[in-house]
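S.K.: A single structure is presented below for examination.
Nothing in this text is a laboratory measurement; each read-out follows from the coordinates by a stated rule. Treat the numbers as computed from the prediction; the structure is a model and nothing was measured. Methodologically, a virtual Cβ is constructed for each residue, glycine included, from the backbone with ideal geometry; neighbour enumeration extends over all protein chains shown.
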């Protein structure tokens with residue numbers, strides 16, 4: 001005896017097909033958004049969220065940041081706050097330091113160190129580039145322009161410290177170190 005079986009094929013409703021297509025589309029869009037956000041993060045910070053991979057497990061950038069902050073963070077934060085206060089004051093008082101003056105000071109430093117070779121070695125030792133040093137010189141000359149000049153180096157440094165304290169006292173600074 002032969003038994004006949006008939007297969008009943010049910011047609012999937014159009015609404016279900018549409019929801020499957022829409023779901024896939026949303027997944028692709030979400031994936032693209034994540035990729036774009038990772039790309040923007042990398043472009044803005046020049047680093048990836050993962051700092052290293054050890055035995056297949058990631059060391060996240062925020063873990064590295066927390067460790068670095070615990071070691072040097074408070075001092076680095078104070079330096080950044082001071083720099084911001086001085087930059088704001090330079091803008092407020094419209095103090096400009098010319099590139100010519102920066103190059104003159106750079107030349108003085110090279111001469112004091114004994115020439116280009118010694119200068120290059122000193123830069124390498126400090127871990128700075130010439131451009132970074134120029135920026136630091138420009139900042140220092142601007143700071144010195146905010147205070148009364150003096151030929152005595154100690155007096156000038158004391159006046160600079162007084163100016164920094166004055167700026168700190170009148171500034172509104174909120175430290176959000178718990179977020180780091």
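S.K.: Which of the residues spanning the range 75-102 are more than 19 Å from residue 167 (Cβ to Cβ) and touching a residue at least 40 places away in the same chain (Cβ under 8 Å)?
M.R.: Step one: of the range 75-102, the residues more than 19 Å from residue 167 (Cβ to Cβ) are 98-102.
Result: 101, single match.
S.K.: Let me ask something else. Tally time: how many residues in the range 46-61 are free of Cβ contacts under 8 Å to residues at least 12 places away in the same chain and under 14 Å from the mean Cα position of the chain (by Cα)?
M.R.: 1
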